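Here's the structure, in structure tokens; my notes come after.
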Amino acid sequence: MINAYMVDSLTIVKWNGNDQWNEPLSASFIDVKGYIEWKTRLVRNQQGEEVTSGVTVMLPKKIDRPAYLDRALCHEDRIQIGGEDFDRAIIEIRTPKDFSHPHYEVALA
């Protein structure tokens, strides 16, 4: 059911790691469809601090496939919402227990 609402254009800026000098490698850009919810929420970041998030994005779990990310979504990735010219940092990644339509709920900065 949730997949029917995933019609918003998003771009995942895939983090590809660092080179031998600890400099970031060039990023990959993956266009996907998701659902954007503009709502302020209080979430916890990786350090356990409470921060506010102004937008939550729901992404299909199929982005784990080799045709897309080829791995699970991580906090080093960034997400660009269609129509914006900047990417947003990922604060929190949740995978709710939905057995019929697995998806990510991602809180963005």
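All of the numbers you see were taken from the coordinates with simple rules; none came from a lab. Only a predicted model underlies this, so the values are computations on that prediction, with no experimental measurement involved. Virtual Cβ from ideal backbone geometry, glycine too; neighbours counted across all protein chains shown.
Would you mind calculating the relative contact order of the chain from Cα pairs under 8 angstrom and at least 6 residues apart, reporting the percent as a whole number?
Dividing the mean separation by the residue count of the chain yields 27 percent.
So how much slack lies between C74 and Q20, counting 0.36 nm per residue of separation and subtracting their Cα-Cα distance, in nm?
17.3 nm
Sort D85, D77, D31, D8 so the one with the fewest other Cβ atoms within 10 Å of its own Cβ comes first.
D85, D31, D8, D77
Which ³J(HN,Hα) values, rounded to whole Hz and listed in residue order, are derived for the range 89-97 from phi using the Karplus coefficients 6.51, -1.76 and 1.60 in 6.51 cos²θ - 1.76 cosθ + 1.60 with θ = phi - 60°, glycine and proline given as x?
Result, rounded to whole Hz: 6, 8, 8, 9, 10, 10, 10, x, 7.
Name the GluC sites (Glu not before Pro) in the range 1-55 that are in a loop by DSSP and that have at most 10 other C-beta atoms within 10 Å, would you?
E49
Normalise the Debye intensity by I(0) for the range 2-108, one equal point scatterer per Cα, no solvent, then take log10 at q = 0.13 Å⁻¹ and round to two decimals.
The computed values of log10 I(q)/I(0) come out as -0.48.
Could you give the longest part of the chain that holds none of the chymotrypsin sites (Phe, Trp or Tyr not before Pro) found in DSSP loops with at most 11 neighbouring Cβ atoms within 10 Å?
Looking at the chain, 39-85 is the longest stretch - no exposed chymotrypsin sites (Phe, Trp or Tyr not before Pro) with at most 11 other Cβ atoms within 10 Å.
At most 14 other Cβ atoms within 10 Å and a DSSP loop assignment: could you name the trypsin sites (Lys or Arg not before Pro) in the range 65-109 that fit?
R71, K97
If I model a spin label as a point 7 Å beyond the Cα along the Cα-Cβ vector, how far apart are those points for E50 and R94 in nm?
In this crude spin-label approximation the distance works out to 1.5 nm.
Give the cross-link partners of K14 among the lysines, using a straight C-alpha distance below 24 Å as the criterion and excluding same-chain residues fewer than 8 apart.
K33, K61, K62
With charges set only on the Cβ (+1 for Lys and Arg, -1 for Asp and Glu), what does the dipole of the chain come to about its Cα centre, in debye to the nearest 20?
That gives a dipole near 440 debye.
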